[in-house]
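The values are calculated or read from the model by the stated rules, or taken from the named source; none is laboratory data. Just so it is clear, the model here is predicted, and its values are computed rather than measured. Because the Cβ atoms are built from the backbone with ideal geometry, glycine has one as well, and the counts that use them run over all protein chains shown. Only protein heavy atoms, including side chains, enter the accessible area calculation; ligands, DNA and RNA are left aside. Shrake-Rupley method; radii C 1.70, N 1.55, O 1.52, S 1.80 Å.
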Amino acid sequence: FVSIFSGSFHLINEIKPLILEDWQNKLLLNYKASSVTKYRSILYSILEKAFINDVIKFNPMSKVKSPLTIKSKFKKLNDVEDEEIYPFNKDEIINILNSVTGNLYYFIVIMLYTGMRPGEIISLTWKDIDFDKKRIAVDKTTVNGKVGNVKTQSSVRYVDIIPILEYELKNLYKDSPSNEYLLLSSHNKPFYSHDIIAKRFKELLVNISIKERKLYNLRHTFASTMITQGQNILWVSRMLGHKDVSITLKVYARFIKENDEERLDKLSKIVPFFVPFINK
C-alpha cells in the first residue's frame, strides 16, 4: 500500500490511528478543515473496503476524530444553520439550466424545486415518487456508499411535487423507466456520495462564469425564492425538513420582504374581533 503520508510506504494492515491522526494534523496546517474532511472521506472508504474484505480487523480511521468536530466553534443563538447562504438569482439559474445536461441537470432541478438535501436526492428511487398524490417520500440518505436514515427524525417527510418538477420527473422517467434509482452515476450505478456531483457543479459554475458557491446553495435558492414570493413559511419549513419553523425563520428571515404598498394594505385589513364598532 503506497500511502500519501509524506511519501512513505505502509502496508495497509500496519496503518494505525496514530499514523492517520498525524497525517490529518499535517494537512490541517495547509488546508481548511472542510478540504481535509474530503481527503479523509476517500481514505476512509479505502480502509472500509479493506475491513469488509477481512484484509484488516477494523477501520483505523473510525478512531480518529473528524477535523470538523475538532475545529468546530461553539455557536451563539444568532448563528445561522449555514453561514454561507448565497442563493442564485434568476439570470444565474437560467444560465445554469441552459448549460447542463444529463443526470447533473436532473439533480439540479430536483434540488431547486424541492429544497431537498444532496444525500437525500441521490437516494431517491422511483418507488418514492407518487405522481397521483404529487409527493416524494424522503426517508433515507446516502453517505459513503451506504444508504441510511436521514439527518433527523423531522427530516422524514413528504415533499410536494410542484407542476414544473412533475414535468421534469416524467421526462426523466421516460428516459430510464427500468432503473430503480432516479439518478445513476457514469458507471450506471447508484451514486457513492454527492461529492462527484458537487465537483461537477463547481466546474460548471467556473465554465459559465458564475461566482463559485457550494452545491447547498441550490437548497437555499429554493427556500429564499419561495419565501420572497410569499409562500407559507410553514410549507417551506416542511419541504426543507426542519424540526420547526423557528429554524427556517432564523436562517431565511432576511428574505421575507414586502413593499410599503403591500404592508399598508395588510395593515388596513387588521381588525381584532374585540374592537367595538359603534356603526356596524
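The number of residues in segment 176-191 being within 27 Å of Phe88 (Cα to Cα) and surrounded by 16 or more Cβ atoms within 10 Å (Cβ to Cβ) comes to 3. Looking only at residues of segment 248-272 that are part of a loop (DSSP other than H, G, I, E, B) and modelled with pLDDT of 75 or more, we find that the one that is nearest to Thr228 (Cα to Cα) is Ile256.
Kindly evaluate Tyr173 against the criterion of being assigned to a helix (DSSP H, G or I), among the aromatic types (Phe, Trp, Tyr) and either touching a strand residue (DSSP E or B) at 6+ places or on another chain (Cβ under 8 Å) or open to solvent by 80 Å² or more (accessible area, probe 1.4 Å) (or both). Please lay out each step first, then the result.
Values: assigned to a helix (DSSP H, G or I): yes; among the aromatic types (Phe, Trp, Tyr): yes; either touching a strand residue (DSSP E or B) at 6+ places or on another chain (Cβ under 8 Å) or open to solvent by 80 Å² or more (accessible area, probe 1.4 Å) (or both): yes.
When the stated conditions are applied, Tyr173 passes them.
The residue that is farthest from Phe201 (Cα to Cα), among those in segment 212-247 that are hydroxyl-bearing (Ser, Thr, Tyr) and part of a helix (DSSP H, G or I), is Ser246. In segment 210-231, the residues that are within 19 Å of Ile164 (Cα to Cα) reach residues that are of a type in the set (Lys, Arg) and buried (at least 17 other Cβ atoms within 10 Å of the Cβ) with C-beta atoms within less than 7 angstrom, at least six apart or across chains, in these pairs: Arg219/Arg117.
Filter segment 233-245 down to the residues that are at pLDDT 90 or above and open to solvent by 20 Å² or more (accessible area, probe 1.4 Å) and list them by number. I'd like the intermediate steps shown before the answer.
Step one: list which residues in segment 233-245 are at pLDDT 90 or above, which gives 233-242, 245.
Of everything in segment 233-245, those that are at pLDDT 90 or above and open to solvent by 20 Å² or more (accessible area, probe 1.4 Å) turn out to be Ile233, Leu234, Trp235, Arg238, Val245.
The set of residues in segment 20-35 being surrounded by 14 or more Cβ atoms within 10 Å (Cβ to Cβ) and over 22 Å from Phe9 (Cβ atoms) consists of Leu28, Tyr31, Ala33.
Any idea which of Phe5, Phe58 is open to solvent by 70 Å² or more (accessible area, probe 1.4 Å) and either at pLDDT 85 or above or over 30 Å from Asn207 (Cα atoms) (or both)?
Numbers: Phe5 fails: open to solvent by 70 Å² or more (accessible area, probe 1.4 Å).
Criteria check complete, one pass: Phe58.
Any residue at all in segment 96-110 that's open to solvent by 30 Å² or more (accessible area, probe 1.4 Å), of a type outside the set (S, T, N, Q) and in contact with a strand residue (DSSP E or B) (Cβ under 8 Å, 6 or more places away or on another chain)? Reasoning before the result, please.
Filtering segment 96-110 for residues open to solvent by 30 Å² or more (accessible area, probe 1.4 Å) gives 97-99, 101-103, 105-106.
Imposing the further condition that a residue be of a type outside the set (S, T, N, Q) reduces the set to 97, 102, 105-106.
Still in the list and also in contact with a strand residue (DSSP E or B) (Cβ under 8 Å, 6 or more places away or on another chain): none.
No, every residue in segment 96-110 fails to be open to solvent by 30 Å² or more (accessible area, probe 1.4 Å), of a type outside the set (S, T, N, Q) and in contact with a strand residue (DSSP E or B) (Cβ under 8 Å, 6 or more places away or on another chain).
Restricting attention to segment 209-227, does a residue exist that is open to solvent by 60 Å² or more (accessible area, probe 1.4 Å), among the charged types (D, E, K, R), at pLDDT 90 or above and within 26 Å of Gly145 (Cα to Cα)?
yes
For segment 146-158, residues that are touching a Gly at 6+ places or on another chain (Cβ under 8 Å), buried (at least 16 other Cβ atoms within 10 Å of the Cβ) and over 22 Å from Tyr192 (Cβ atoms) total 1.
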